[in-house]
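The values are calculated or read from the model by the stated rules, or taken from the named source; none is laboratory data. Since we're looking at a predicted model, the values are computed, not measured. Here Cβ is always computed from backbone atoms with ideal geometry, including for glycine, and neighbour counts include all displayed protein chains. These accessible areas exclude ligands, DNA and RNA; they are computed on the full protein's heavy atoms, side chains included. Shrake-Rupley method; radii C 1.70, N 1.55, O 1.52, S 1.80 Å.
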Amino acid sequence: MLRFDPFRDLDSIAAGMLGATSGSDRAPRFMPMDLYKLDDHYVLNADLPGVDPGSIDVDVDRGTLTLTAHRTAPTSDGVQWLSSERFAGTYRRQLSLGDGVDAEKISASYDNGVLTVTIPLAERAKPRKIQIAHDNTQRTIETQTS
């Protein structure tokens, strides 16, 4: 799996031109995430604290996994802000999935501000044993795919 975010450079150019600072309402920071392989699947954990679970969207289209979430800004009527470091806005992250994953069986859950996406390997990508015939005897060789 490759990290792919075609909007990262465009966002930084737009922020520079518009004078938006990273982390403000107009330019939220990216969605921090961890991605690792465990046995026969990948696990993606994305930090989305304070995000309404109903605003989270996980979409797979043509080999691209897209994560989208939105955090609304608190109402500021009658409030005199002394510090405002928590930003609001839309988070978006995209990953290019390889051919070795089973996109039909991807699942997701959201708990304690962390979105967990489980991406299983396709059967054809899992390690398997191949029998080799040699001089009327057979031996087993294990194959691994990365």
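Applying a threshold of 9 Å to beta carbon distances and a minimum spacing of six or more residues, or different chains, the list of pairs starting in segment 102-131 at a residue that is under 15 Å from ASP59 (Cβ atoms) and ending at one that is among the aromatic types (Phe, Trp, Tyr) and part of a strand (DSSP E or B) reads VAL117/TYR42; ILE119/TYR42.
Given the criteria surrounded by 11 or more Cβ atoms within 10 Å (Cβ to Cβ) and either modelled with pLDDT of 85 or more or touching a helix residue (DSSP H, G or I) at 6+ places or on another chain (Cβ under 8 Å) (or both), does ARG62 qualify? Taking the combined requirement at face value, the residue does not satisfy it.
For segment 76-88, the criterion of being open to solvent by less than 30 Å² (accessible area, probe 1.4 Å) and free of Cβ contacts under 8 Å to residues at least 60 places away in the same chain is met by no residue.
Based on this model, can you work out whether LEU38 counts as modelled with pLDDT of 90 or more, over 30 Å from ARG128 (Cβ atoms), under 18 Å from the mean Cα position of the chain (by Cα) and hydrophobic (A, V, I, L, M, F, W, C)? In short, no. Here ARG128 does not fit the description of being under 13 Å from the mean Cα position of the chain (by Cα) and open to solvent by 30 Å² or more (accessible area, probe 1.4 Å).
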